[in-house]
Every structure is written in structure tokens, then in C-alpha cells.
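> This is the structure I have questions about; it appears just below.
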There are 2 protein chains.
Amino acid sequence: MGKLVIVGTVAFDAIETPFGKTDKILGGAATYIGLAASHFNIDAAAVSVVGGDFPQKYLDLLSDNKIDVSGIEVVNEGKTFFWSGRYHNDMNSRDTLTTELNTLADFKPVVPEDYKDAEVVMLGNLHPLVQSSVLDQMTKKPKMVVLDTMNFWMDCALEDLLNIIKRVNVITINDEEARQLTGEYSLVVAARKIHEMGPQYVVIKKGEHGALLFHNDHVFYAPALPLEEVFDPTGAGDTFAGGFAGYIAKTDDVSFENMKNAVIYGSTLASFCVEKFGTERMQNLSHDEVHKRLLQFKQLTQFEIELG
Amino acid sequence: MGKLVIVGTVAFDAIETPFGKTDKILGGAATYIGLAASHFNIDAAAVSVVGGDFPQKYLDLLSDNKIDVSGIEVVNEGKTFFWSGRYHNDMNSRDTLTTELNTLADFKPVVPEDYKDAEVVMLGNLHPLVQSSVLDQMTKKPKMVVLDTMNFWMDCALEDLLNIIKRVNVITINDEEARQLTGEYSLVVAARKIHEMGPQYVVIKKGEHGALLFHNDHVFYAPALPLEEVFDPTGAGDTFAGGFAGYIAKTDDVSFENMKNAVIYGSTLASFCVEKFGTERMQNLSHDEVHKRLLQFKQLTQFEIELG
């Protein structure tokens, strides 16, 4: 059993999809990552910031899921980061309607003392300098650092982004972002170029088409579970990352074979996340349901061809 | 070992991709299906039509690959079906530049006497009435009929298409076509609607994202092998279908578990097809190369999670 540090936003989201819309609900990368990682019986701590408007019940919700919230700073005179967006009919693209950084604008993450020797660090999508400052606080070199990022930082802070990419073992990135970062259309070539930037493992997320794990000349492909409907994709990528990092922290094994399993756990948890608005499905997800869906993933992908 | 009837075009193609362009080269659905099926040591016959301009060496090429060409009618006074197209930079879409039906316009397929009791019939993309006329000639009900089709027939001959769909066991169709045929965006829902039209098995081809096999509530997902570059996608779908049908004919087993393997063989063979222009790669493909790539597919998809 290992320790996991989760850095990312804890936020309010307001979401519109073809199925309906929400008021301000609980959101944020660290929230989704934490709820996913809570399935692995590990010591996990969230490092984030919220405002005085953030309800105690949401902090309690994270604590109830065994996420240490002592690293979530509450700035009483400030407001919590707020994002709102509207998904298009195909659910694969969305428009951002509002981004209010609020307390996030001055976020200086502080890793709790107990977690400065954590084995696994999950850097959720944030400014690359904020992500770097977390690694600077670790007193022991983590066994694995996972970085999530997005195209926004490629446009606005590329040099800082390249600096943090150098320092991590795993990067999770979507297909379009991998292409933007490398200027390569082929994901195989893009993954190789990202390897050269630093990370030994490259996870390329393809949404409804699943995820690819690259490590030197090895590739693993985890499909997404084909679903009747995707209700709300918000947080699916973070849930994937949380399942991935949580599984590694639990198993304490960073071999390629074990990372395949981590990708499958990430995909499995993400397949639940999209079934309801926001974090609703992840708040009420039993280990038994996860177990059943892992079996579905096996049936979905495993075959028996006799090869001499 | 079973018999396989392959119905489809034998054609000239002229192809333009970002990597170059060809003159008139050997193409056609039955050609690609036949070359793929030739890897299974079965009795296979192509049923098609060509003109007097079709070189004997191309017929010999098919014969050399153990494809019975007695069902390929040669209309000496006519010309062979010709298609030319240009692929866009992403290789996922293309423009048709020329379609000259020529002898295909009056094609009346005749199944060779020896093949009227074939266990497997592969109906390549053609007018649905032409596909139907092949089934009408079978003296024994085939164990499995596989239908390939395209959006063109949905636009121009929907009623005839629905009639042939009713008569087949397996349909192979791409994702956009499945959506068009059913009016459903979700491929899970689309597959269910296509089941209701007749076929017990629905294969949805997603190009670089692989293929899904649906059978009632069962789903299987075969990824496409991630490739550094796709040189020419022409014939990949037909090669997939040929590998699928050839494997079924060889194994004589139409269970869902065995069809998973058929999908993997189809994906494996298709992954070679796109490596060179036209049929070039398929003409020079050894069993050993296929075997090695099947191992790659295993490594790409298989994982070991202990589930209680």
C-alpha cells in the first residue's frame, strides 16, 4: 500500500449536455482523481485550494472517501474556481461558457508533511509551474509521477510545460493534444517524440475510442466500454488518471505489464463517470460494480487464438 | 476445411495519397477479400466480371493464391470497372474522382456449380439485388452469409438493401454507415437496431479505431494496430472482411468466441493491407509475417488482472 499525492482543482462546475443542465455542482480534476483513487485502499491526499463559498459537505464527501483534505487550502475571503461548459450533440466537443479562476489564480500548493515521501504523485491539469512546485516539495524521489495537461498550456506556457514534462514518468494526454505537442499526425510517431521529451510512458486518451499506452516499442490498447449513451463526459479523463495512479500506488509495481492493468482500471472507472452528471455516479460506486465491469472489460477484449 | 464464395468487384483502381499516386492498378472488393482469404487453406471462388482489357496476369495472380476464378466472367467487348480516388491528409476521408462501371453495370453473377453448397458466402459491396441473386443460387443454405455494403445503397436502393440485410447472418459496416442506416448516434443502439433488421452478428468498422463485434448483449472490441503511417487505406475494409470470412470457413465454427478470433484475423490482415499501395503488400505476405503480427495483437490487447 503506497501513498498518493493528488494535485489539481477542486471546483464548481455548471454543465449543459443534450440531456439537461446543472446548477453549480462539485467538480475539479483533484475531485475526480480522488474519487477514482479511493477505490484502491491507499493513503491519498488532495492538494488544492477553494474559497469561503465551498461547502463543508463537499470536503466531508472527500474525507468520507478516505481522501486526506488537509492539503486543500480554504481561502475564506476568496471564491472557488468555477467552470461552465456546454457539450455538443456528439458529446465529443464542448464550448467553455465561463472560467472564473478566483482563488486558483494565486494557488501555491503545499504538500502535507506526511505526504512528502509519497510513492506516487498525480499532477492534475494546472499551470506547469504549479505542477513543478509540487515536485520541488517532495523529500524523496517518487517512484512514479503522472502528469496530465492540456492544449491551453501548449499555447500559453510551452517552455514551462516542456520543463515539467522532462521531470515525469508518465504523461496522459488526449490524441489532439499529442498531435499539437509534437506536430505529428501519427500517434505512434507522436508518442515516440513525447518519449524523447522525458516520460518513459505515454498514455494517449482517445475518448470513446479508448486509450493507448506506449513504452519504447511496446503498445497496449484499452478500448472504452461501448455505452448506450454518454450522459456527461466531464471528469472522464481525470477519473481515468485517478484509476491509473491509484492502481499503481496500490500495487507498487511500475512494470509495463502492471501499467496495462492500471490503464484497464482507469478505463473501467471512467466508464462509470460518464453515466451521470458530474461526480454523481462516482459518489455512489460500489467495489462490486467495479468488479463486474472489469469482467465486462475482459469479455470485451480477451480472445483465445492458439499460436504455435 | 470449408468452401467460401466471394462476390464482389474485380477492378482497376487509380489511387492518390499524400505519399504518391498510382496508375491503373489491380483493385476491387473480391480481389482484396480473396487475397486475405487465401491465408486459410480453404476452397475459395471469386464471382465477378471484368472486361477484355483485364490482364491475364491478374487472373493468374488470383489463381496462384488458390482462388478459383472460373466464376469471374470476362466480357471481351467490355471494359473493366474503374475507380479513382484521392485521400485527404488525415487518410480518414477521400474524394472519388472517377467511377466507370463499364461491365459491372450489367453484372449477373453466376456461382460455379461446385460452390453452390459452400458453407460461407461473402457478399462484397455491390448493388443489393446483385447480392441477393447470389444467395438465390445456393442449393444448400450456407452456415454463414456475410454482407458488406455502403452508404451509397442506403441513399439509392434502401428497400433492396433492407431485403438483403434480412437474409444474412453477419453485416460489416462502418460507423458512419451504421449511424445513417439506423438514425442512431450510439453504436450500441445502432447495432441493436441492425440486429432487429436480421443479422445476428453486427461488425462495425471504425478504421484506425478498430472494429466492434456485436451479438445480442455481447460485445467484442478489436483495436486496429497503431501504425507509424498508413500508406494507402484502399481495400482495408475488404481485407478485414476476407480475413473474417476466411477464418470462419476454415474453422467451421460460428460461435461468438470463434467470431472474436475471426475479427482479430481480419484486423491483422487489414493492418498489412494499408502498408503499401493497393494490393502490393497482400500479394507478398507470408504466413510467418501474419503469425508474428497476431502475436503483436495479443500483446496489444491482452492483460492479466486477477479477478476473484
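> Any of A:Lys21/B:Lys205; A:Lys193/B:Lys260; B:Lys260/B:Lys292; A:Lys206/B:Lys193; B:Lys116/B:Lys206 with alpha carbons more than 24 Å apart? Name them for me.
Result: A:Lys21/B:Lys205; A:Lys193/B:Lys260; A:Lys206/B:Lys193; B:Lys116/B:Lys206 exceed 24 Å.
> Using a cut-off of 14 Å between beta-carbons, work out the net charge of the residues near A:Met144 (Lys and Arg +1, Asp and Glu -1, A:Met144 not included).
Overall, the nearby charge balance is +1.
> Please give the net charge around B:Ile264, taking every other residue with its beta carbon less than 13 angstrom from that of B:Ile264, where Lys and Arg add +1 and Asp and Glu add -1.
Charge balance near B:Ile264 sits at 0.
> Taking 0.36 nm per residue of separation and subtracting the Cα-Cα distance, what length does fully extending B:Asn151 through B:His218 add?
21.6 nm
> Hey, what do the phi angles of segment A:9-15 turn into as Karplus ³J(HN,Hα) couplings, whole Hz, using 6.51/-1.76/1.60 and θ = phi - 60°, x for Gly and Pro?
My calculation for segment A:9-15 gives 6, 10, 8, 9, 10, 10, 10 Hz in order.
> Would you kindly derive the ³J(HN,Hα) couplings of segment A:243-248 from the backbone phi angles with the Karplus curve 6.51 cos²θ - 1.76 cosθ + 1.60 (θ = phi - 60°), listing them in order in whole Hz, with x for Gly and Pro?
3J(HN,Hα) across segment A:243-248, in whole Hz: x, 4, 5, x, 5, 5.
> Regarding chain A, what are the three Cα extents along the principal axes, ordered largest first, in Å?
Largest to smallest, the principal-axis extents are 68, 44, 39 Å.
> Can I ask one more? Can you compute the modelled spin-label distance between A:Leu101 and A:Glu306, with each label point 7 Å from Cα toward Cβ, in nm?
Result for the modelled spin labels: 6.4 nm.
> Right, something else. For B:Asp90 and B:Leu129, compute 0.36 nm times the residue count separating them, minus their Cα-Cα distance, and round to one decimal in nm.
Length difference between fully extended and current span is 10.6 nm.
> Given a Förster distance of 41 angstrom, what is the FRET efficiency for A:Glu289 paired with A:Asp117, based on the Cβ-Cβ distance and rounded to 0.05?
Computed FRET efficiency for A:Glu289 and A:Asp117 comes out at 0.80.
> If I stretch the segment between A:Asn258 and A:Tyr185 completely, what's the gain in nm (0.36 nm per residue apart, minus their alpha carbon distance), one decimal?
Between A:Asn258 and A:Tyr185, full extension yields 23.5 nm more.
> Something else: If you restrict to DSSP beta bridges whose two residues both lie in chain A, what percentage is antiparallel, to the nearest 5?
Of those bridges, close to 40 percent are antiparallel.
> Could you tell me the ratio Rg/Rh of segment A:1-80? Both radii from Cα atoms, Rh via Kirkwood.
For segment A:1-80, the value is 1.00.
> What is the antiparallel percent of DSSP beta bridges lying wholly in the protein assembly as shown, to the nearest 5?
40
> Ok, one more. Can you tell me the Rg and the Dmax, both Å, for the Cα atoms in segment A:182-308?
Cα-based Rg and Dmax for segment A:182-308 come out at 15.3, 48 Å.
> Next question. Going 7 Å from Cα along the Cα-Cβ axis for the label, what nanometre distances separate B:Leu129 from the same residue across the other copies?
B:Leu129 label point versus its equivalents elsewhere: 7.2 nm.
> Go through segment A:209-250 and flag every residue whose accessible area shrinks by 30 Å² or more with all protein chains in place compared to the isolated chain (probe 1.4 Å).
When all protein chains are present, A:His209, A:Val219, A:Phe220, A:Tyr221, A:Pro226, A:Glu228 each give up 30 Å² or more of accessible surface.
> Among A:Asp148, A:Asp43, A:Asp53, whose mean-square fluctuation peaks in a Gaussian network model of chain A (Cα, cutoff 10 Å)?
A:Asp53
> Same structure again: Find every distance from the label point of B:Lys292 to the corresponding label point in the other copies (7 Å from Cα along Cα→Cβ) and write them in nm, one decimal, shortest first.
Spelled out, the distances from B:Lys292's label point are 4.5 nm.
> Moving on to the next point. Determine the sum of side-chain charges near B:Gly85: Lys and Arg each +1, Asp and Glu each -1, restricted to other residues whose C-beta is under 11 angstrom from that of B:Gly85.
-1
> Ok, one more. Between A:Glu229 and the same site in the other copies, what are the distances in nm, shortest first, taking label points 7 Å from Cα along the C-beta direction?
Listed shortest first, these distances are 4.4 nm.
> Could you please point out the chain B residue with its Cβ nearest to the axis of the rotation taking chain B onto chain A, and the distance in whole angstrom?
Per the B/A rotation axis, the closest residue of B reads B:His209, 2.
> Further question: Give me the distance in nm between label points sitting 7 Å out from Cα along the Cα-to-Cβ direction at B:Leu227 and B:Lys24, one decimal.
2.6
> At 222 nm, what helix-only mean residue ellipticity would the protein assembly as shown give, in deg cm²/dmol to the nearest 500, using -39500 (n - 2.57) for each DSSP H run of four or more?
Calculated from helices alone, the mean residue ellipticity at 222 nm is -11000 deg cm²/dmol.
> Taking springs between alpha-carbon atoms closer than 10 angstrom, which of A:Gly210, A:Gly183, A:Gly78 fluctuates most in the Gaussian network model of chain A?
Fluctuation is largest for A:Gly183.
> Additional query: For segment A:38-137, treating each Cα as an identical point scatterer without solvent, what Debye log10 I(q)/I(0) comes out at q = 0.18 1/Å?
-1.01
> For the pairing of chain B with chain A, what total accessible surface becomes buried, with a 1.4 angstrom probe, in square angstrom to the nearest 100?
What B and A bury together is about 3600 Å².
> Let me ask you something else. Taking all protein chains in place and a 1.4 Å probe, what share, in percent, of the accessible surface of chain A do carbon and sulfur account for?
48
> GNM on chain A, C-alpha springs below 10 Å: top fluctuator among A:Asp23, A:Asp217, A:Asp95?
Judging by the Gaussian network model, the answer is A:Asp217.
> Sticking with this one: Could you tell me which chymotrypsin sites (Phe, Trp or Tyr not before Pro) in segment A:168-221 are loop residues by DSSP with no more than 10 other beta carbons within 10 angstrom of their beta carbon?
none
> Oh, and also: Once label points are set 7 Å from the Cα along Cα→Cβ at both B:Asp64 and B:Glu77, what is their separation, rounded to one decimal in nm?
3.3
> Let me ask something else. For a bin width of 20 Å, list the pair-distance distribution of the protein assembly as shown built from all Cα-Cα distances, rounded to whole %.
Once binned at 20 Å, the Cα pair distances of the protein assembly as shown give 20, 47, 26, 7, 0.
> Write down the radius of gyration of segment B:141-191 and its Dmax, each obtained from C-alpha positions, in Å.
11.2, 34
> Then there's this: For Cα pairs less than 8 Å apart in space and 6+ apart in sequence, what is the mean separation divided by the residue count of segment A:129-285, i.e. the relative contact order in percent?
Value for segment A:129-285: 17 percent.
The values are calculated or read from the model by the stated rules, or taken from the named source; none is laboratory data. Nothing here was measured: the structure is a model prediction, and the numbers come from that model. Cβ: placed from backbone, ideal geometry, glycine included. Neighbour counts: every protein chain shown. Note: areas computed on protein heavy atoms with side chains; ligands, DNA, RNA excluded. Shrake-Rupley method; radii C 1.70, N 1.55, O 1.52, S 1.80 Å.
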